[in-house]
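Working notes for the structure below.
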Amino acid sequence: MERSDVGQTSFRDRYGPWAVVAGASEGIGESFARQLAAQGLGLVLLARRQGPLDALAKHLRAANVPVRTAAIDLTRADLVDQVRQVTDDLAVGLLVYNAGATHGANVFLGRPVEHGLSLMHLNCRGPLLLTHHFGTRMAERGRGGIVLVTSMSAVAGCARNAVYSAAKAFELIFAEGLWAELQPRGVDVMACVAGATRTPSLINTGARFEGGAFSIMESDDVAAEALAHIADGPMWVVGEDNRRIAKWFWPTPRAQLIRALSASTAAMWD
């Protein structure tokens, strides 16, 4: 099917009637959920903690938004089976995969190897499984959208965040390949490259928001800009300051770039 012009159709027609937001309990994921609800989409909200999901769902349902929730660990082996239980009877036109906590910063050998494996499952295996499942259906329908929320950390290796940077790089490169494959089939794919964002999970790691290389963004601004540019893939760097920094990143020699990212990480977590 020929790719439709997003400008000639409504957001709901293009990406609805249902959206799945993985990692929706707070921060950027919650902002995505609220803004998608305002666009008229029904929502399936996924996260580990049922309490925050219930609170968000209650708020959205009060505005007559259809919502389903599922407290699911996105690293579990039967992820797709669990998600299918709440989505198989729905026409899902948009997947937002937003999970990917850093849990602070530390050298690779300073943590159990299980920590790195968990980040790989969360940022590599999880998006791979869900994009394959929902992307297949979107391609068959000839329309839809996939947003993988990655990070400025994805542009190079980074001391104290070696696995996180590598896992986020997977999401970035994966989204670029999917964009090339699915755009001719009517499905928009975008890697949303977010810089440092003031979210509860990042605050809880003890991150400092002064002295780093990146400007700090708010969750609502990240989600709003990402949703406005779904059709502008394969990659969109959110935030004017972040785009300015990104223009320096890519042509920079790798060793210099790695040192700069490492210094910024050290500044955030002292």
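Could you tell me which numbered condition Val107 fails, if it satisfies all but one of (1) without any contact (Cβ under 8 Å) to a residue 24 or more places away in the chain; (2) over 19 Å from Val80 (Cα atoms); (3) not charged (D, E, K, R)?
It fails just one condition, (1).
Filter segment 219-270 down to residues that are surrounded by 15 or more Cβ atoms within 10 Å (Cβ to Cβ), within 22 Å of the chain's Cα centre (by Cα), part of a helix (DSSP H, G or I) and hydrophobic (A, V, I, L, M, F, W, C), then give me how many there are.
Total satisfying the criteria: 12.
Would you check if there is a residue in segment 26-33 being buried (at least 20 other Cβ atoms within 10 Å of the Cβ) and more than 13 Å from the chain's Cα centre (by Cα)?
No, the conditions are met nowhere in segment 26-33.
Quick check on Val86: is it of a type in the set (A, V, I, L, M, F, W, C) and assigned to a loop (DSSP other than H, G, I, E, B)?
So Val86 does not fit the description; no.
If Ser153 satisfies every condition in (1) open to solvent by less than 40 Å² (accessible area, probe 1.4 Å); (2) under 26 Å from Pro112 (Cβ atoms); (3) in contact with a Leu (Cβ under 6 Å, 6 or more places away or on another chain) but one, which is the exception?
The single condition Ser153 does not satisfy is (3).
For segment 137-167, give me each residue that is in a helix (DSSP H, G or I) and in contact (Cβ under 8 Å) with a residue 60 or more places away in the chain.
Met152, Ser153, Val155, Tyr164, Ser165, Ala167
What single numbered condition from (1) more than 13 Å from the chain's Cα centre (by Cα); (2) of a type in the set (A, V, I, L, M, F, W, C); (3) modelled with pLDDT of 90 or more fails to hold for Ile216?
Among (1) more than 13 Å from the chain's Cα centre (by Cα); (2) of a type in the set (A, V, I, L, M, F, W, C); (3) modelled with pLDDT of 90 or more, the lone unmet condition for Ile216 is (3).
Working only within segment 67-116, note down all residues that are small (Gly, Ala, Ser) and either more than 18 Å from Met138 (Cβ to Cβ) or surrounded by fewer than 16 Cβ atoms within 10 Å (Cβ to Cβ) (or both).
Residues satisfying the conditions are Ala70, Ala71, Ala77, Ala91, Ala99, Gly100, Ala101, Gly104, Ala105, Gly110, Gly116.
If Arg61 meets every condition in (1) open to solvent by less than 70 Å² (accessible area, probe 1.4 Å); (2) touching a strand residue (DSSP E or B) at 6+ places or on another chain (Cβ under 9 Å); (3) over 13 Å from Val163 (Cβ atoms) apart from one, which number is that one?
(1)
The values are calculated or read from the model by the stated rules, or taken from the named source; none is laboratory data. Worth saying up front: this structure is predicted, and the values here are computed from it rather than measured. Neighbour counts run over all protein chains shown; Cβ positions are idealised from the backbone, glycine included. Keep in mind that these areas ignore ligands, DNA and RNA; they rest on the heavy atoms of the full protein, side chains included. Shrake-Rupley method; radii C 1.70, N 1.55, O 1.52, S 1.80 Å.
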